[in-house]
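K.L.:
Below is one structure. I have some questions about it.
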Amino acid sequence: MQIRKPLTANALRKMKADGEKIAMMTAYDAAFARVMDDAGIDALLIGDSVGMAVRGEKSTLGVTVDEMAYHCRMVTRAVQRAHVVCDMPFMSYQASVEDAVRNAGILAARGGAHSVKLEGGEEYAEEIRRIVRAGIPVMGHIGLTPQSVNLLGGFGVQGRGEENAKKLLRDAKALEEAGCYAVVLEMVPRELAAKITASLTIPTIGIGAGNGCDGQVLVCYDALGMNPDFTPKFLKRYANLYEVIGDAVRNYAAEVKSGAFPDEEHSFGDKPAQKK
Ligand code: KIV
């Protein structure tokens, strides 16, 4: 097996300059990460969406730094080429700059993250500067910021109306100036996302933000069709794993009950099988 070096934050940044789109998806464990890495995904995000997508919680707020480091380590272990970004979870950077640097350090050192992502605009410029100064690249995240769901009042589109659009543009610029190497735009009208993209030298990565962004990200369980009840407008399903896995499990259970599994081919006799 050929060992390759993972893409760096700078390599992702250069993709914008080269006009190459960035394909990013979330991953939470080694099994999924390996498939995605082998399939050529550019970046894997250990999103705090793990709280909702994997654990079935109603928000991302309950996820801790230790849990993120645990999931991140599983992903980095499996990856050869993809850049691995780890989300800084709720309250790991909001209370102080010191918290921000320490917790980013935990995700990089213990989780093996190549970079970290945090939610928020110009108000987090200092935290971003200090994390970058500590040697850890930072991806920003504006628009819908799910850690502020209680303040925003839901998971809806952000940046509509002149004032809100101006604020998002200002935030995006502030993130670039603070040293972010890329920024996620979540649930932003496509015209505004395209305008922000054109105003930055760093790549934008959209989710629910149209195709004017420099890259796209989707939550893997959503994109692969694990949850038939989650059907937001922006989501395109690239597989229906709910059906594929359901069919396989029904088949297995039926064969166990009928006695068809395990057959001779899938069991051991008292003599070792003859080598062919
Ligand atoms: O947690 C997450 O999965 C994210 C993406 C939706 C961008 O932040």
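K.L.:
Using the charge dipole of the stretch 205-276 (Lys, Arg: +1 at Cβ; Asp, Glu: -1 at Cβ; taken about the Cα centre), state which of Gly246, Pro262, Val219 has its Cα farthest towards the positive end.
P.N.:
Towards the positive end, the residue furthest out is Val219.
K.L.:
Then there's this: Which longest run of the chain has no exposed loop site in it, a site being GluC sites (Glu not before Pro) in a DSSP loop with at most 14 other beta carbons within 10 Å, and the site itself not part of the run?
P.N.:
58-276
K.L.:
Also, quick follow-up: So what is the calculated 222 nm ellipticity per residue for the chain, using -39500 (n - 2.57) for each DSSP H run with n of 4 or more, over all residues, to the nearest 500 deg cm²/dmol?
P.N.:
-12000 deg cm²/dmol
K.L.:
Mean separation of Cα pairs under 8 Å and 6+ residues apart, divided by the residue count of the chain: what relative contact order is that in percent?
P.N.:
16 percent
K.L.:
Right, another one. Which value results for Rg/Rh of the stretch 187-240 when Rg is the Cα radius of gyration and Rh the Kirkwood radius based on the inverse mean 1/r?
P.N.:
Here Rg/Rh amounts to 1.06.
K.L.:
Tell me the per residue accessible area of the stretch 9-240 using a 1.4 Å probe; a whole number in Å² is fine.
P.N.:
Computed with neighbouring chains in place, this is 43 Å² per residue.
K.L.:
Among the listed pairs Lys117/Lys233; Lys21/Lys173; Lys58/Lys166; Lys14/Lys166; Lys21/Lys117; Lys5/Lys117, which have their C-alpha atoms separated by more than 23 angstrom in this model?
P.N.:
Checking Cα-Cα distances, Lys117/Lys233; Lys58/Lys166; Lys14/Lys166 exceed 23 Å.
K.L.:
With an 8 Å Cα cut-off and a minimum separation of 6 or more residues, compute the relative contact order for the stretch 52-205 in percent.
P.N.:
It comes to 20 percent, rounded to a whole number.
K.L.:
Can you give the % of DSSP beta bridges in the stretch 1-156 that are antiparallel, to the nearest 5?
P.N.:
Within the stretch 1-156, antiparallel bridges account for around 10 percent of the total.
K.L.:
Note the per residue figure in Å³ for the convex hull of the C-alpha positions in the stretch 9-240.
P.N.:
Measuring per residue, one finds 112 Å³ for the Cα hull of the stretch 9-240.
K.L.:
Right, something else. Straight distance only, please: which aspartates and glutamates reach the Cα of Lys167 with their own Cα at less than 20 Å, same-chain residues fewer than 8 apart left out?
P.N.:
Here the aspartates and glutamates satisfying the reach criterion relative to Lys167 are Glu119, Glu122, Glu123, Glu126, Glu127, Glu176, Glu177, Glu186, Glu191.
K.L.:
To continue, here is another question. In Å, what Rg and Dmax follow from the Cα atoms of the stretch 97-198?
P.N.:
According to the Cα coordinates of the stretch 97-198, Rg and Dmax are 13.9, 43 Å.
K.L.:
Of the options Phe234, Leu44, Ala17, report the single residue whose Cα projects farthest towards the positive end of the charge dipole of the stretch 9-240 (beta-carbon charges: Lys, Arg +1; Asp, Glu -1).
P.N.:
Comparing the listed Cα positions along the dipole, Ala17 ranks first.
K.L.:
Go through Met139, Met52 and list them by solvent-accessible area, largest first, probe radius 1.4 Å.
P.N.:
If we order Met139, Met52 from most to least accessible, we get Met52, Met139.
K.L.:
Of all the accessible heavy-atom surface of the chain, with the other protein chains kept in place and a 1.4 Å probe, what percent is carbon and sulfur?
P.N.:
Roughly 54 percent of what the probe reaches on the chain is carbon or sulfur.
K.L.:
Same structure, new question: Build a GNM of the chain with springs between Cα atoms under 10 Å: which of Ala95, Ala23, Ala11 gets the top mean-square fluctuation?
P.N.:
Taking springs between Cα atoms under 10 Å, the residue moving most is Ala95.
K.L.:
Rounded to the nearest Å, what's the spacing between the alpha carbon centres of the stretch 9-61 and the stretch 252-271? Just the number, please.
P.N.:
Here the answer is 38 Å between Cα centres.
K.L.:
Nearest 20 debye, what's the magnitude of the dipole of the stretch 172-215 about its Cα centre given +1 on Lys and Arg Cβ and -1 on Asp and Glu Cβ?
P.N.:
Using only the charged Cβ atoms, the result is roughly 100 debye.
K.L.:
To the nearest 20 Debye, how big is the dipole of the chain about its Cα centre, given +1 on the beta carbon of each Lys and Arg and -1 on that of each Asp and Glu?
P.N.:
About 640 debye.
K.L.:
In square nanometres and to one decimal, what's the mean projected area of the convex hull around the Cα atoms of the stretch 1-142?
P.N.:
About 8.7 nm², averaged over all directions.
The values are calculated or read from the model by the stated rules, or taken from the named source; none is laboratory data. Every value quoted in this text rests on a predicted model; they were computed, and no experiment measured them. Because the Cβ atoms are built from the backbone with ideal geometry, glycine has one as well, and the counts that use them run over all protein chains shown. To get the accessible areas, we keep the full protein, side chains included, count just its heavy atoms, and leave off ligands, DNA and RNA. Shrake-Rupley method; radii C 1.70, N 1.55, O 1.52, S 1.80 Å.
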